[in-house]
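**Student:** My structure is below; once you've seen it, I'll send some questions.
The values are calculated or read from the model by the stated rules, or taken from the named source; none is laboratory data. If you're wondering where the values come from, they're calculated on a predicted model, not measured in any experiment. Virtual Cβ from ideal backbone geometry, glycine too; neighbours counted across all protein chains shown.
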Amino acid sequence: MKINKYYFVLFFVSLITYSQTFEEVSEIVYNKCTSCHRPGESGPINFTNYEEVAGFANMIEEVTSSDYMPPWPPDPNYSNLLDERFLTDDEKQLISDWVQNGAPQGNPLEEAPMPTFTEGSSIGEPDIVYEMEEAYLIEGNNYDDYRVFVFPTNFEDDMYISSIEFRPDNREMVHHAIIMADVSGEGAALDSQDDTYGYESYGGFGLSVPPTQYVFLGGYAPGMNPIVWSGNLGMKIPAGSDILCQIHYAPSSIDEWDQSSINVFLKNAEDVEREVQMKMWVEFDWAIPAGDPNYVVERCLDFDNGIFQEDCSLPEDWSVLGFLPHSHLLGKSWEVFAETPNGEVVPFIKIPNWDFNWQGFYYSDYMLHVPAGSQIKGIATYDNSEDNPLNPNNPPQTMNWGELTTDEMFFCPIYYLPYEEGDENIYLGSNESSSNIKESVIENIELYPSPASEYIDLSFTLNNLSVTEVLIKIYDVAGRVVHKEIINQLKNNNNNYRIDLISLKNGQYILEMTSNEQKMIQKFTKQ
């Protein structure tokens, strides 16, 4: 059979062209760029379709080939972490080839599907949203502003969460945020004494208890996604506590406003068999000499009081989940790891080129087993020389611990659990199912009509005849119990029950069903 050379050349060229169209590039962009580069998120440019991406093709090639984007400071060869956003050499080359080929679109029907993004959240629809009661004025005085805002929960019972998500309003001004649960009421008292909304606090939250005793819930930094505790894991917000959120507003030369919010994702208490713990380790006793370009601070993490010590060891086996190495403008590198009693190294995270603008909590893909007797160590390097373009002092000055951006820190909170056999095989991401979730007793829950008005009908089934009653509680968005009753006439098949809503105001509510086995949560709206 004679092959026409002309058609062979056309076929060969078409293969090259096909491999350099947006069809292949779209999978990279949509899965590693669009989570931030879309309306309402931290990226200043939207990458949600071909036209938006092609319009910045040359810039995309430049920032990806130089590893400036996507931002991922940890060394991917040191440890395996969740939500890794770095590009492989092949992916960077594919983008470059596409751009050099003129950034053609190819067949739009063959583009990669866009991931599902929930508006107002990076992880899903929250159960409760706490928004600042009013917009806060960030004065244009070129100073850092650390402000704590208080959100009463009014929880009558301990509540468990699968995640908590800070949502910045003014993304240019919010440098970072940290969130804790205050059971003392001190935060609310400090707020009431301040004439301005919220209260100023540069030293943590300004409470009488030390930071090592805070009930730390989570935090935010640009590009950081909140963790979702799946399976039988969860974090507790104690009954009657207030949520305190400290926001660090960056210096500005003009007045700015912010009205940020917090998304709370509740979890059934019966599903939480293991409560995630946190140690807020912090080191105060050090000083970085002026002019030193490579000053190293190395400490071992003390179990008892959360302060870095010269020598320490864990009295029990741990399963380490996540960590937040933190420095400021003099930061140069970080490494956190564990040394076991037999000399083995368990790597947590290594950041060879510290970047103050890209930091956050990082989570291992699988739980890390750290045996009793191990030492967890943190090593941070600082550049306090005049060659550091970010050095806040010219000429350089001796630098100590401090909350301001122009101070410095050696700080590393760590999430952990007491170890249980097999923990090292538990995946912490959301893409694999967990075998640790207890079988549901209450199933097929339906609420109707939606939205409701004078009443709402509840329908559900049971798969356990030993259940004799179900407690119904309805919470408003502030976490207050506004309705409570017991259902004690139950059937194994369909159970139908009408709940009177006449006394409730219009708005969003959470209906909680509690049996002697579990809790289930459903949301509804009254209008």
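**Student:** Kindly evaluate Ser163 against the criterion of being closer than 26 Å to Lys267 by Cβ, polar (S, T, N, Q) and in a strand (DSSP E or B). Before you say what the answer is, go through the steps one by one.
**Tutor:** Working: closer than 26 Å to Lys267 by Cβ: yes; polar (S, T, N, Q): yes; in a strand (DSSP E or B): yes.
Criteria met by Ser163.
**Student:** Inside region 325-345, can you point out the residues that are farther than 22 Å from Asn77 by Cβ and either in a strand (DSSP E or B) or in contact with an Asp or Glu (Cβ under 7 Å, 6 or more places away or on another chain) (or both)?
**Tutor:** Of all residues in region 325-345, those farther than 22 Å from Asn77 by Cβ come to 326, 328-330, 341-342.
Selection gives His326, His328, Leu330.
**Student:** Residue check, Tyr146 against (1) in the same structural domain as Met224 (by TED's automatic domain parsing); (2) among the hydroxyl-bearing types (Ser, Thr, Tyr); (3) assigned to a loop (DSSP other than H, G, I, E, B), all met but one. Which one?
**Tutor:** Among (1) in the same structural domain as Met224 (by TED's automatic domain parsing); (2) among the hydroxyl-bearing types (Ser, Thr, Tyr); (3) assigned to a loop (DSSP other than H, G, I, E, B), Tyr146 violates only (3).
**Student:** Hey, another quick one. Hey, can you tell me all the residues within region 403-420 that are farther than 18 Å from Val297 by Cβ and at pLDDT 90 or above?
**Tutor:** Tyr415, Tyr416, Leu417, Pro418, Tyr419, Glu420
**Student:** For region 119-143, enumerate the residues that are more than 23 Å from the chain's Cα centre (by Cα), of a type in the set (Phe, Trp, Tyr) and part of a strand (DSSP E or B).
**Tutor:** Tyr136
**Student:** Within region 332-355, how many residues turn out to be surrounded by 21 or more Cβ atoms within 10 Å (Cβ to Cβ) and at pLDDT below 95?
**Tutor:** The qualifying residues number 1.
**Student:** Looking only at residues that are touching a Pro at 6+ places or on another chain (Cβ under 9 Å) and not in a loop (DSSP other than H, G, I, E, B) in region 64-96, which one is surrounded by the most Cβ atoms within 10 Å (Cβ to Cβ)?
**Tutor:** Filtering region 64-96 for residues that are touching a Pro at 6+ places or on another chain (Cβ under 9 Å) and not in a loop (DSSP other than H, G, I, E, B), the one surrounded by the most Cβ atoms within 10 Å (Cβ to Cβ) comes out as Thr64.
**Student:** Could you pull out every one of the strands (runs of 3 or more DSSP E) wholly within region 277-324 that has 2 or more residues that are at pLDDT below 85 and aliphatic (A, V, I, L, M)? Steps first, please.
**Tutor:** Values: elements: 277-282, 295-301, 318-323.
The qualifying strands (runs of 3 or more DSSP E) are 277-282.
**Student:** Mind counting the residues in region 346-381 that are farther than 19 Å from Leu301 by Cβ and part of a strand (DSSP E or B)?
**Tutor:** The number of residues fulfilling the criteria is 2.
**Student:** Just checking, does region 379-397 include any residue being surrounded by 17 or more Cβ atoms within 10 Å (Cβ to Cβ) and under 23 Å from Glu275 (Cα atoms)?
**Tutor:** no
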